[in-house]
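Before any comments, here is the structure.
The values are calculated or read from the model by the stated rules, or taken from the named source; none is laboratory data. Predicted, not measured: the structure shown is a model, and the values here were computed from it. Cβ sites come from the backbone with ideal geometry, for glycine too, and all protein chains shown count toward neighbours. Note: accessible area is taken over every heavy atom of the protein model, side chains too, but ligands, DNA and RNA are not part of it. Shrake-Rupley method; radii C 1.70, N 1.55, O 1.52, S 1.80 Å.
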Amino acid sequence: MEKTENKVCYQGIDVMKFIMALFIVVLHTHPFVDVNDTLSFLTTDIMGRVSVPFFFAATGFLLEKQIGQQKEKREIIAPYIRKLLILYCIWTVVYLPIIIYEKIIVSDTSLVYDVFAIVRDFFFTGSYAQLWYLPATAVGLVIVYVLRKYAGERGCIIILFILFCMGLLTQSYFGLLLKIVPVDGLLWKFMKLVKMAMVTCRNGIFFGSIFLYMGMWIARCNIKVKTFAAFLGLSASIVLFTVEVSYLQKIGAVREQDMYLMLLPVVFFLILFALSLTVKADTVFLRKMSINIYFVHMIFKFVYRTLIEEHHDYGLRFFGFVLCGTLIVSYVMYLFGKRRVQTERIRIGIERTKM
């Protein structure tokens, strides 16, 4: 962590964001599935599942640090949410040809249903694959802001944890839900209606909000631990997380794999570990690249599955194609963004000299 021009830079967070972005590519391509089952499980089902919760927590941490001691948090949160939603619309337009191809052209359902599904997904599950993260972050921030304001910090924590547990029961702990909730009861019928509308609890309400708050809490309490202590906590949490995932998969309780209970301590210690790292290099490049990788990689997954090997969505060759294409385009985007910033600074400088 260092200060430049009164701005605090968290290089450890940037480095970990880049690593987690690479694991997201791993999650969506399963590179080691034909190499070794254990290696595939650890990289995909374990580390791959940590990536998005980490991004939520990092966002919450950095946003809380930006807010600082300001009484009116809405002045910072509202513009940030607006930025997220604009970005969501932009990337939806970018992915629109792929959305139309997958959900209309090659669909075997009616056009009316296809259009309905596209509209529903835009508002509830994400217009395309990984894009759900943007509206989920926006919704999660609204929920955290409202709960902190009207329920207090303790009430906020309790409600967020209850929502997270509800999400767990519809995902990795679904097998337990079947045992405790009568399938012909009113609660089950209500949950089926929620499922029809939202499709999944992998959203800002049940999933993202608690990790956003976790990052905010770490920032507000200014929690710091030494690297070794954070590493020990992270290692122990990952071991417990691995046991949890293995057991739930073994007993057949898992319906969706986004949410697990032990993700909470894993992400908590991962943030602390990232904050404890001493990185002297400029990590702006890694920060920008991590964002680009996250949003770009699904384009190359579509290209590979559609034009190279139809419906082939795993393996080292698949991973290599997606990663290489993503890194190239992400780097071009980085250079373009850097040049645009430099041009803008030159323009502002010229305007100031004229004043």
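Details
- Each residue of segment 322-330 is assigned a 3J(HN,Hα), and the resulting list reads 5, 5, 4, x, 5, 5, 5, 5, 4 Hz, derived from the Karplus form 6.51 cos²θ - 1.76 cosθ + 1.60 (θ = phi - 60°), x at Gly and Pro.
- Extending 7 Å from Cα along the Cβ direction at K226 and again at V35 yields two label points whose distance is 3.5 nm.
- Ranked order, E102, E64, E75 - accessible area, probe 1.4 Å, largest first: E75, E102, E64
- Separation of the L87 and R317 label points, Cα + 7 Å toward Cβ, nm: 3.5
- Rounded to whole numbers, the Karplus 3J(HN,Hα) couplings from phi for segment 290-298 are 4, 5, 5, 4, 4, 7, 8, 4, 5 Hz, using 6.51 cos²θ - 1.76 cosθ + 1.60 with θ = phi - 60°, and x at Gly and Pro.
- In order through segment 12-27: 3J(HN,Hα) via Karplus (6.51 cos²θ - 1.76 cosθ + 1.60), integer Hz, x for Gly, Pro: x, 5, 4, 4, 5, 4, 5, 4, 5, 5, 5, 5, 5, 5, 4, 4
- Of A230, F207, M196, farthest towards positive along the dipole that unit charges on Lys, Arg, Asp, Glu beta carbons give segment 180-265: A230
- Filtered trypsin sites (Lys or Arg not before Pro), segment 57-162: DSSP coil and at most 10 other beta carbons within 10 Å: K71
- Per residue, the chain exposes 54 Å² of accessible surface when a 1.4 Å probe is rolled over the protein heavy atoms with every protein chain present.
- The charge dipole of segment 88-177, taken about its Cα centre with unit charges on the Cβ of Lys, Arg, Asp and Glu (plus for the first two, minus for the last two), comes to roughly 420 debye.
- Amide N proximity, segment 279-318 versus Y101 label position 7 Å along Cα-to-Cβ, cut-off under 20 Å: 293-315, 317-318
- Distance violations [Cα-Cα > 20 Å] among K149/K224; K17/K280; K224/K280: K149/K224
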